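The structure appears right after this line, and notes come after that.
We did not get these values from a lab; they are worked out from the coordinates using the rules stated. What you see is a predicted model, and the numbers here were worked out from it, not measured in a lab. Note: ideal-geometry Cβ built from the backbone for every residue, glycine included; neighbour counts use all protein chains shown.
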Amino acid sequence: MFLSLTLRTAIMLARIKLGHQEIRKAVLAVDDGPLSTDDLRAMARQLPSQEEIIRLRDFGDLSKLAKADQYFGEVRMIPIK
């Protein structure tokens, strides 16, 4: 993972103040209560590449990774249309 992407993602997550699963659930439920428009825009800019998604899927225990990578592990399960 690129350091700058990881750092930007960590900063974004600190600002949102929700757990990774809570973020995924709010997006899947289209629940705009916990996430502001600015949060969603920031999240859209901090998405893992297809290669990173494959590496995360093959890694196994994501709890051993940095917080940003754990977040990517959660959001990779959100379908993109």
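Counting only residues that are in contact with a Lys or Arg (Cβ under 8 Å, 6 or more places away or on another chain) and either of a type outside the set (Gly, Ala, Ser) or loosely packed, with under 12 Cβ neighbours inside 10 Å (or both), how many does segment 10-19 have?
So the first thing to find is which residues in segment 10-19 are in contact with a Lys or Arg (Cβ under 8 Å, 6 or more places away or on another chain), and the list is 10, 13.
Going one step further and asking which of them are either of a type outside the set (Gly, Ala, Ser) or loosely packed, with under 12 Cβ neighbours inside 10 Å (or both), we end up with 13.
Selection size over segment 10-19: 1.
If the Cβ limit is 8 Å and pairs must be 6+ apart or interchain, which residue in segment 22-43 that is touching a residue at least 24 places away in the same chain (Cβ under 8 Å) pairs with which residue that is in a helix (DSSP H, G or I) and among the acidic types (Asp, Glu)?
So the pair list comes out as Ile23/Glu74; Arg24/Glu74.
Under the condition of being small (Gly, Ala, Ser) and under 11 Å from the mean Cα position of the chain (by Cα), which residue from segment 24-56 is farthest from Ile80 (Cα to Cα)?
Ala42
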